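I have placed the structure first, in the form of structure tokens, so that the comments after it can refer back to it.
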Amino acid sequence: MKRILAVLVVAIGSVILCIHAVAQTNDDDALPPGVYHLKILPFDELSEKSVSRQGDAALSLKTVQWQHSESDHFIFHTETGFSVPQLSAWAEWSYALIKQDIGVTQDSYERKCHIYVFLNQQAWHSFVGVGKMEEWTGGWCTGRELFFASRPHFKFQGPTLPHEMTHLVLHRFVTGDIPLWLNEGFAEFEGVRLYRNYLKARGYALGNITDRLARNDYIPLGELTGAVDYPRSRDQVVDFYNESRLLVTFLYYQHGGMNPLLRFIKLSGDGSRFDTAWQDVYSSKYSGLDAFEAKFIAYVTKQKQ
């Protein structure tokens with residue numbers, strides 16, 4: 001059974017830091033590094049037409065008029081009126097930079113990821129219901145397919161695509177069963193970190209990001225890291241996403257950056273409990289896990305230490 005990873009509508013994702021040219025061509029000429037082809041094609045001319053049952057259900061919706069295209073790593077199914085060049089640029093840039101962040105230097109994947117973008121909100125909510133997803137879901141990744149809702153001509157494409165792209169990269173290049181909090185927390189972390197840099201370089205500031213938690217909203221580490229499903233209420237889901245991101249942020253900025261974090265992710269994906277992976281990677285600075293949690297509580301609630 002495939003594991004489905006969802007993203008909260010209010011979660012903030014990434015749109016990428018690097019800028020490269022997009023070649024809108026219908027030829028197969030070799031392109032310089034960092035540039036890629038984008039082809040607008042009828043469905044029957046796509047290089048891969050095999051989709052999942054969910055993908056087939058989406059493409060079979062009578063209320064949606066689909067346009068199809070593909071780039072070097074993705075096949076796009078978008079509602080007519082969506083900016084495909086912008087989408088393909090963000091998808092390719094996100095994919096490249098997230099791979100770079102986790103140390104992927106060789107990508108031999110030939111099977112392209114299918115991305116479905118809904119503009120019709122009524123059709124989206126109906127599709128979410130049929131897929132038995134949570135009502136707060138703004139998108140999800142399952143296997144090599146991404147589904148999400150968007151707005152036409154939205155300049156900064158928002159949170160969902162890059163967040164889900166992080167799930168895709170982890171699914172492809174980090175083996176094992178990564179715990180729910182870590183999968184969502186790392187996706188959230190990558191999104192916020194890269195999106196802030198992207199906006200800053202263009203003279204914008206990223207607002208509406210919660211960088212702290214109220215003390216009474218804090219989820220004890222044992223409960224957070226042991227969760228195998230999302231909380232029941234929307235408010236609890238928001239707290240779960242925020243605290244998961246902030247725990248990854250704490251590990252990254254306060255405990256050595258990406259290399260130890262990737263070791264921690266690998267140990268967790270290989271089946272280690274949180275306390276075991278923490279002991280192997282992060283314990284040298286602390287007298288024990290209780291001391292670590294006290295430090296994290298002070299960090300996440302911005303209490304004085």
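The values are calculated or read from the model by the stated rules, or taken from the named source; none is laboratory data. Since the model is a prediction, treat every value here as computed from it, not as a measurement. Cβ sites come from the backbone with ideal geometry, for glycine too, and all protein chains shown count toward neighbours.
Considering (1) closer than 17 Å to L180 by Cα; (2) surrounded by fewer than 18 Cβ atoms within 10 Å (Cβ to Cβ), say which one L261 fails and leave the rest.
(2)
Please indicate, with yes or no, whether at least one residue in region 290-300 is loosely packed, with under 12 Cβ neighbours inside 10 Å and not aromatic (F, W, Y). Working first, answer last.
The initial filter retains those residues of region 290-300 that are loosely packed, with under 12 Cβ neighbours inside 10 Å, namely 290.
Adding the requirement that they be not aromatic (F, W, Y) leaves 290.
Looking for residues that are loosely packed, with under 12 Cβ neighbours inside 10 Å and not aromatic (F, W, Y), one finds at least one in region 290-300, hence yes.
Tell me the helices (runs of 4 or more DSSP H) entirely within region 184-296 that contain at least 3 residues that are in the same structural domain as M165 (by TED's automatic domain parsing), closer than 17 Å to L170 by Cβ and in contact with an Asp or Glu (Cβ under 7 Å, 6 or more places away or on another chain). Walk me through how you get there before you give the answer.
Numbers: elements: 221-226, 234-254, 258-269, 274-281.
In region 184-296, there are no helices (runs of 4 or more DSSP H) which contain 3 or more residues that are in the same structural domain as M165 (by TED's automatic domain parsing), closer than 17 Å to L170 by Cβ and in contact with an Asp or Glu (Cβ under 7 Å, 6 or more places away or on another chain).
Tell me, yes or no, whether region 233-243 has at least one residue that is more than 19 Å from the chain's Cα centre (by Cα), modelled with pLDDT of 90 or more and closer than 26 Å to G139 by Cα.
Yes, because at least one residue in region 233-243 is more than 19 Å from the chain's Cα centre (by Cα), modelled with pLDDT of 90 or more and closer than 26 Å to G139 by Cα.
I'd like to check something: does region 171-189 contain any residue that is over 21 Å from G139 (Cα atoms) and small (G, A, S)?
Yes, region 171-189 has at least one match.
Looking at T175, T166, which one is surrounded by fewer than 23 Cβ atoms within 10 Å (Cβ to Cβ) and in contact (Cβ under 8 Å) with a residue 24 or more places away in the chain?
Details: T166 fails: surrounded by fewer than 23 Cβ atoms within 10 Å (Cβ to Cβ).
Just a single option satisfies the conditions, and that option is T175.
Taking region 88-104 as the search range and keeping residues that are in contact with a strand residue (DSSP E or B) (Cβ under 6 Å, 6 or more places away or on another chain) and aliphatic (A, V, I, L, M), which one is surrounded by the fewest Cβ atoms within 10 Å (Cβ to Cβ)?
Of the residues in region 88-104, the ones in contact with a strand residue (DSSP E or B) (Cβ under 6 Å, 6 or more places away or on another chain) are 89, 91-92.
Filter once more, so that each one left must be aliphatic (A, V, I, L, M): 89, 91.
Numbers: A89: 21, A91: 27.
Going through the qualifying residues, I end up with A89.
Could you list, in sequence order, the residues of region 105-136 that are at pLDDT 85 or above, loosely packed, with under 15 Cβ neighbours inside 10 Å and assigned to a loop (DSSP other than H, G, I, E, B)?
Hits for region 105-136 are T105, Q106, D107, S108, Y109, E110, R111.
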